[in-house]
Amino acid sequence: MDLTVSDLSVTLGGRKVLDAVAARLQPGRVTAILGPNGSGKSTLVKALAGLIDLDAGHVRIGGRLVQRIDPRERARTIGYLPQDATVHWNLAVRELVALGRLPHRSPFAGPSAADESAVIAALAATGTLALADRAVDTLSGGERARVQLARVLAGTPDWLLADEPLASLDPAHQLGLLERLRGLAEAGMGVVVVLHDLVQAARAADEVLLLRDGRVIAFAPAREALAHQPLREAFGVEVMVVPDAEGRLLPIPIGRS
């Protein structure tokens with residue numbers, strides 16, 4: 001099911017944060033959203049998840065308006081990982097990840113074998129299986145970020161929307177998470193991820209959506225969107241483009257334009 005944005009505009013606090021955004025996102029691919037601070041990246045992800053009111057335009061999944069889908073069904077379809085995901089109770093990691101299964105369970109029903117299997121798979125996919133019995137407040141920031149991702153993956157959504165999931169991870173875990181996101185996409189999931197690092201986007205993304213001041217500067221295959229002119233227009237920087245060992249072109253910022 002495609003996730004389609006049509007002429008999307010959003011105003012927050014009297015300021016137009018998104019202005020006539022349009023894009024067609026496809027399952028089985030990683031789409032990276034990039035742009036300067038304040039360009040509307042987090043707001044766009046929330047709009048894709050159906051979590052905020054729109055001034056104009058539509059977000060559709062498989063032709064259905066996202067905001068009109070029953071919240072439980074929407075939660076089974078779209079997994080949203082916010083930038084500032086917090087835990088309000090000091091649960092064991094396994095219990096926290098199991099919360100991701102709630103949209104699949106009837107009210108007051110206990111976990112099924114399928115629920116248990118999905119939790120274990122999500123812990124394994126995020127490299128947190130060894131943390132399953134730890135209390136959440138004993139985890140480092142990076143461990144907690146991976147556990148929060150496991151909670152979303154336990155819901156087995158068709159789409160994963162992740163807002164800056166690399167922010168608190170060390171370089172090794174950043175690379176590991178990007179590999180997992182690519183693996184999810186290759187298995188058929190649609191993955192949308194907000195990133196700041198141009199090189200990481202070039203390594204992980206199939207498409208890149210560049211924003212500046214709430215408007216789309218480019219929405220194109222990563223090789224095209226992460227080229228000199230789009231990056232100059234979006235970020236006001238000059239880049240040096242170098243190939244990596246696998247032939248991907250990596251944009252390295254070298255100065256302001």
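Where a number appears in this text, it was derived from the coordinates with a stated rule and is not lab data. Treat the numbers as computed from the prediction; the structure is a model and nothing was measured. All Cβ positions, even for glycine, are placed from backbone atoms using ideal geometry, and neighbour counts span all protein chains on display.
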Flag if ILE69 is closer than 30 Å to ARG203 by Cβ and of a type outside the set (Asp, Glu):
no
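For every residue, the table says whether it meets (1) surrounded by fewer than 18 Cβ atoms within 10 Å (Cβ to Cβ); (2) in contact (Cβ under 8 Å) with a residue 60 or more places away in the chain; (3) within 18 Å of LEU160 (Cα to Cα); (4) out of contact with any strand residue (DSSP E or B) (no Cβ under 6 Å at 6 or more places or on another chain).
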site	(1), (2), (3), (4)
ALA20	yes, yes, no, no
ARG24	yes, no, yes, no
VAL30	no, yes, yes, no
SER39	no, yes, no, no
ILE52	yes, no, yes, yes
GLY79	no, yes, yes, no
GLN83	yes, yes, yes, no
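Of all helices (runs of 4 or more DSSP H) completely enclosed by region 160-244, which ones contain at least 1 residues that are surrounded by fewer than 16 Cβ atoms within 10 Å (Cβ to Cβ) and either in contact with a strand residue (DSSP E or B) (Cβ under 6 Å, 6 or more places away or on another chain) or acidic (Asp, Glu) (or both)?
Passing ranges, in order: 171-186, 222-225, 228-235.
Any residue at all in region 57-77 that is assigned to a loop (DSSP other than H, G, I, E, B) and more than 24 Å from ALA23 (Cβ to Cβ)? Spell out the reasoning first.
Applying the first criterion (assigned to a loop (DSSP other than H, G, I, E, B)) to region 57-77 yields 62-63, 69-70.
Checking the rest, the ones that are also more than 24 Å from ALA23 (Cβ to Cβ) come to 70.
Yes, region 57-77 has at least one match.
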For ARG146, all conditions in the list (1) of a type in the set (D, E, K, R); (2) in contact with a strand residue (DSSP E or B) (Cβ under 8 Å, 6 or more places away or on another chain); (3) buried (at least 23 other Cβ atoms within 10 Å of the Cβ) hold save one; what is the number of the exception?
(2)
